[in-house]
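These notes concern the structure reproduced below.
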Amino acid sequence: MSGSIVLDHIVKTFPGSSDPVHAVRDVSLTIPQGEIFGIVGFSGAGKSTLVRCINLLERPTSGHVFIDGTDLTTLSDRELKRERRKIGMIFQQFNLFATRTVFENVAFPLKHTGLSRGQIREKVTSLLAYVELEDKASAYPSQLSGGQKQRVAIARALATDPAILLCDEATSALDPITTSSILRLLKKLNHETGITVVVITHQMQVVKELCHRVAVMEHGTVVEEGDVFDIFARPGQAVTRSFVDSAGGETAESQFPACAENEKLLRLKFFGDSAREAVISQISRRFQVDIVILSGSIETIDGRPLGQLNVKVAADEKKLRPILEYLRELKVEAEVMGHA
Ligand SMILES: Nc1ncnc2c1ncn2[C@@H]1O[C@H](COP(=O)(O)OP(=O)(O)OP(=O)(O)O)[C@@H](O)[C@H]1O
Ligand SMILES: [Mg+2]
């Protein structure tokens with residue numbers, strides 16, 4: 001088994017024109033073989049720089065990068081070149097060679113690997129079949145859609161049978177339907193080959209659909225890390241919460257209209273299959289309060305159901321306290337969204 005990544009106290013500082021830029025400040029992460037690991041954060045958080053440190057496209061200012069136990073930062077150029085074959089990478093802008101055909105793009109990493117022309121042909125043909133582009137072998141990138149270009153890039157990244165695939169905003173330039181088809185392809189690839197996948201994105205929907213675990217970066221550091229389900233269910237940091245909220249496609253404001261002083265807006269999260277409606281009527285009866293359901297959803301994250309209800313409770317501060325306590329007993333996560 002191979003494809004494990006250990007980042008050990010990675011620091012990357014760029015000289016900058018006047019002051020140095022601290023792009024990555026002391027990040028340590030362990031990504032086991034076969035995991036799909038997401039990295040989210042706002043623009044400039046240091047995501048790309050960190051991921052480029054994994055294959056030493058960017059050499060860390062300090063810290064170590066272990067791939068299957070080998071410290072890449074100590075290797076000679078030749079050894080590093082060999083280790084890098086284990087790591088494929090795809091980008092937002094696809095980075096295909098415009099003057100080469102699809103076939104030639106995918107064949108490119110196989111140059112100087114000792115394979116015969118026949119072996120290369122066989123390999124490229126099977127890769128193109130895997131990404132469902134057999135019929136485009138002699139097309140040029142300019143003749144392809146964005147989704148097709150990314151499939152070519154994926155086939156090219158897989159040519160050397162890497163154990164790790166790094167994806168830097170790989171779906172950010174694509175429409176939602178095409179994004180889903182690329183995510184399905186990455187998922188299938190991970191499932192069938194056990195390849196470790198690291199996904200940088202600012203789209204929480206991508207994390208939700210694809211990843212097992214996620215790290216949230218802010219100002220060059222990882223501020224939160226965990227199972228995707230847990231991060232969606234109980235985001236700890238403000239930055240994480242804003243990303244989790246963004247995945248719903250609605251802002252907190254649009255879900256929670258203004259209401260009166262003696263009313264409270266609550267966001268309730270239900271894990272597993274705690275019966276949602278029953279909880280609402282129980283509370284209503286038990287505490288003699290009116291509860292209005294504003295909106296609700298249930299979705300599956302990494303195979304586990306997570307339900308959410310946004311409700312308006314006719315209760316003031318004092319009346320609300322025992323209700324919150326009771327919800328805690330029922331293991332329902334409640335967040336008070338305030339009153340307008
Ligand atoms: N080669 C470089 N030279 C100088 N500064 C750099 C270089 N590359 C990145 N930076 C700086 O490092 C910081 C982190 O950049 P990085 O590209 O890693 O962020 P990011 O999280 O990937 O952002 P985005 O979401 O916009 O892609 C930024 O302030 C950026 O300007
Ligand atoms: Mg980036």
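Every read-out reported here was derived from the displayed coordinates using simple, explicitly stated rules and does not represent laboratory data. Computed from a predicted structure; not experimentally measured. All Cβ positions, even for glycine, are placed from backbone atoms using ideal geometry, and neighbour counts span all protein chains on display.
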Worksheet, complete the sentence: Over 27 Å (Cα to Cα) among K136/K208; K149/K188; K136/K187; K12/K208; K47/K81; K47/K149 -> K136/K208; K12/K208
Fill in: Full-extension gain in nm, T74 to E329, via 0.36 nm per residue minus C-alpha separation
86.5 nm
Discussion item. Given R₀ = 22 Å, what would the calculated FRET efficiency be for V21 paired with V223, taking r from the Cβ atoms and rounding to 0.05?
Written reply: 0.70
Discussion item. Suppose the chain between Q143 and A260 were pulled fully straight at 0.36 nm per residue; how much longer would it get relative to their current alpha carbon spacing?
Written reply: 36.4 nm
Worksheet item: Say each of S28 and T300 gets a label point 7 Å from the Cα, pointing the same way as Cα to Cβ; how far apart are those two points in nm?
Response: 3.7
Worksheet entry | 20 Å-binned pair-distance histogram of the chain (Cα, whole percent) | 27, 48, 22, 3
Worksheet item: Full extension from D316 to E132: what is 0.36 nm times the residue separation minus their Cα-Cα distance, to one decimal in nm?
Response: 60.4 nm
Fill in: Taking the stretch 1-103 and dividing mean pair separation by its residue count, relative contact order in percent (alpha carbons under 8 Å, at least six apart)
30
Item to complete: May I ask for the net charge around L115, where only other residues with Cβ less than 10 Å from the Cβ of L115 are counted and Lys, Arg are +1 while Asp, Glu are -1?
Response: +3
Discussion item. Taking only complete DSSP H runs, can you tell me which helices of the chain stretch 24 Å or more along their own long axis by Cα positions and average at least -1.0 on the Kyte-Doolittle scale?
Written reply: 176-193
Discussion item. At 222 nm, what value in deg cm²/dmol follows for the chain if DSSP H runs of at least 4 each add -39500 (n - 2.57) and the sum is divided by all its residues, to the nearest 500?
Written reply: -10000 deg cm²/dmol
